[in-house]
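For reference, the structure discussed in these notes is given below.
Throughout, read-outs are computed from the coordinates displayed, never taken from laboratory work. Being a predicted model, the structure only gives us computed values, none of them experimental. Neighbour counts run over all protein chains shown; Cβ positions are idealised from the backbone, glycine included.
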Amino acid sequence: MTKKTIQNVDTALVEMAETPSKPAISTTSPKKVTTTKNVTGKRGSPGKKHEDKLTAILRTAAQLFADNGYEATSLDTIADRMGMHKATLYHYTKGKEEILYQCLIRSFSDLDKVLEQMEDRSSPPLSRLRTFSKHLAYAQNSDFGRCLVQVGVRPLAESGNDIKKFQKRLDNTVRSLVTEGIADASIKPCNPALISALLFGALNWVPRWYKEGQQLNIDQIVDSFIDTITDGIAIQK
């Protein structure tokens, strides 16, 4: 593969990150920006009720953004769906851009823990790649994940860089697993960047067409994707 081809692959991967999709370089996921102070976490406490309402607002907004688009969804639309006045939203958020940012942050769910598991070499690289793919697929097909895939970070200003960094971290994780597999001879010599692009390209489309209750569930879809990839890159022993 020529140097120009590899450069084109990396350029394509960056573009994929800006359209909803991938994610590896920073050491932690983007920090959740809380809009509530002194949250006690006790059931029935004002802080708990505030946080529950905020989560409901964000989930509703994520659904609307994914279904109708970010530009077509106004604060009035979100407030109407929630059955509250628009002015009440400002008790929970500064505005629509912050709502989108919080939705995207929540789309990553517990993926930080999953990335830590990927560093455990007690299981084969291909096995860890399958585990990673399933966790990612479930995160992507949540309400918040669909928002990330359908809307992406383009409406955000500098705050979108946090999302891109975490997406890059996810990308690097896949590349590292493939590189490790090549080194231990469980994976054929190949370009890790291309394999990562192939995997994310497949997974990033699932939220666009998948609906719960279909013939195949998320596990079956991911298994089919990984089986196809594995058939192409695994060394048969």
>> So for each of 189-202, 124-137 I average, over its residues, the number of other beta carbons within 10 Å; can you give me the resulting order with the highest mean first?
In response: 124-137, 189-202
> Dividing the convex hull volume of the Cα atoms of region 123-237 by its residue count, what figure in Å³ per residue is obtained?
Replying inline: 106
> What full-extension length gain, to one decimal in nm, is calculated for residue 214 and residue 191 as 0.36 nm per residue of separation minus the Cα-Cα distance?
Replying inline: 4.9 nm
> Of the listed peptides 105-111, 74-80, what is their order by residue-averaged count of other C-beta atoms within 10 Å, with the highest listed first?
Replying inline: 105-111, 74-80
> Given the pairs 48/211; 48/165; 96/211; 134/165; 53/86; 53/96, which span a C-alpha to C-alpha distance of over 23 angstrom in this model?
Replying inline: 48/211; 48/165; 96/211
> Where does each of 148-155, 211-218 land if you order them by average Cβ count within 10 Å, highest first?
Replying inline: 148-155, 211-218
>> Need the C-alpha centroid separation for region 83-112 versus region 59-78, integer Å.
In response: 11
>> Is the C-alpha gyration tensor of region 105-184 telling us rounded, prolate or oblate? Criteria: a/c under 1.5 is rounded; beyond that, a/b larger than b/c is prolate, otherwise oblate.
In response: prolate
>> Please list 3J(HN,Hα) in residue order for region 133-147, calculated via the Karplus relation 6.51 cos²θ - 1.76 cosθ + 1.60 where θ = phi - 60°; whole Hz, with x for glycine and proline.
In response: 5, 5, 4, 5, 4, 5, 5, 5, 9, 7, 4, 6, x, 4, 5
> Can you list residues whose amide H is under 5 Å from residue 187's amide H, if they're 5+ apart or on another chain and H is modeled 1.01 Å from N?
Replying inline: 182, 235
> When the Karplus curve 6.51 cos²θ - 1.76 cosθ + 1.60 is applied with θ = phi - 60°, which whole-Hz ³J(HN,Hα) does each residue of region 62-76 get, with x for Gly and Pro?
Replying inline: 4, 5, 5, 4, 5, 7, 10, x, 5, 5, 7, 9, 9, 4, 4
